[in-house]
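The structure under discussion appears below in the form of structure tokens.
None of the figures in this text is laboratory data; all of them are computed from the coordinates on show. Just so you know, these numbers come straight off a predicted model, no measurement behind them. Every residue, glycine as well, gets a Cβ built from its backbone with ideal geometry; the counts of neighbours run over all protein chains shown.
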Amino acid sequence: MTTHASLAALFPAAFVRAGRVTFADAVRAHQDEVYGVALRILGDRDAAREAASAAFLKAYRSWDRYDQSRPVRHWLLRIAANEAITIGRSRTRERARITSVDEAGGVPDPAQTPDQALVAREERDRVRSAVARLPELYRVPVVLRYFSELSLEEIAAVTGRPTATVGVQLLRGRALLRALLEVRP
């Protein structure tokens, strides 16, 4: 047994405390991703800020009950996705006011010509618009898989759904997305 392992066996509580993540560290590390998930689910910057704020407030209030042995990222993303869904449901009348999400696309390639950048931006906007039109049941797994790059198992942990269900929802979500993208505006 190594020295580290023997110390951990003798003083397990000390090693758990030493590995604890503070709430401030969790926010710093995951605030952009929490906001990004909310933005992609809702498609509205103001609503996404509201969802991210509500998610962090809920996380702060239940921080003492959070199991530090589990990944904080999944826990925060689950809260954020749930908050975004709740806010999206309450704002159905405002859905027509969806704004463009250019800033969520990242930094443009400096090697691109202006017309290439415009075409790329229009294509990104078209994909984001199509994702925003997906039913919530499919939109959440699609956003978590393709925008947050979570595995099926991680999405299942975040959404609380079985992995097989997530896989089926992704298949159906991709098929719906493909159909939406084939129709040119």
Checklist outcome for this item: Around Phe147 (Cβ within 10 Å, Cβ-to-Cβ, excluding Phe147; K/R +1, D/E -1) the net charge comes to +1
Item to check | Label-to-label distance, nm, for residues given as Ser129 and Ala24 (7 Å Cα→Cβ offset) | outcome: 4.4
Checklist entry - Spin-label point model (7 Å from Cα, Cβ direction): what's the Val119 to Trp63 distance in nm? => result 4.9
